[in-house]
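The block underneath contains the structure these notes are about, expressed in structure tokens.
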Amino acid sequence: MKKIYLLFIFIGLVCFSFTSGMQAQSNLFERQDSKRSQKIDGLRVFPNPATGDIVYITSTKQLTKTITIYTVLGKKVKFEVLFGKELDISDLNSGVYVIKITEGEKQATLKLIKEQ
């Protein structure tokens, strides 16, 4: 009987040690992910809603930006590396889009509306 109790205690300790190890790893990934999702300082996308074929994207640092535009269903419709401020959206139809902007290590996700 004592052997069974000792066996249960041993199994419990082993399971507990593996569970805490997985917890530490998941916290590590959350911390790394939070570094990547920092907001871009002074980010501005205008005009929004866009009535023309050009949208201006500015920020405080004015670094090179990587722009990815998705439909609301998640389909990627445009990818561009932006060196200035002007983004040409003439190839997009009227509608609502999700625009993901990456500048350095920081990223932002915004809604973009294009009107006719």
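Could you please find all residues in the stretch 70-116 being outside any strand (DSSP E or B) and open to solvent by 70 Å² or more (accessible area, probe 1.4 Å)?
Start the filter on the stretch 70-116 by keeping residues that are outside any strand (DSSP E or B), which leaves 72-75, 83-85, 89-94, 104-105, 115-116.
Scanning the stretch 70-116 gives Val72, Leu73, Lys75, Phe83, Lys85, Asp91, Asn93, Glu105, Glu115, Gln116.
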Check: How many residues does the stretch 42-86 hold that are of a type outside the set (Gly, Ala, Ser) and in contact (Cβ under 8 Å) with a residue 24 or more places away in the chain?
Finding: 25
Check: Do any residues in the stretch 87-115 that are free of Cβ contacts under 8 Å to residues at least 12 places away in the same chain have Cβ atoms under 7 Å from those of residues that are among the aliphatic types (A, V, I, L, M), where the two are at least six apart or on different chains, and which pairs are they?
Finding: Thr109/Val98
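The values are calculated or read from the model by the stated rules, or taken from the named source; none is laboratory data. These numbers were taken from a predicted model, which means no experiment stands behind them. Cβ atoms come from the backbone with ideal geometry, glycine included; neighbour counts cover every protein chain shown. Accessible surface areas use protein heavy atoms only, side chains included; no ligands, DNA or RNA. Shrake-Rupley method; radii C 1.70, N 1.55, O 1.52, S 1.80 Å.
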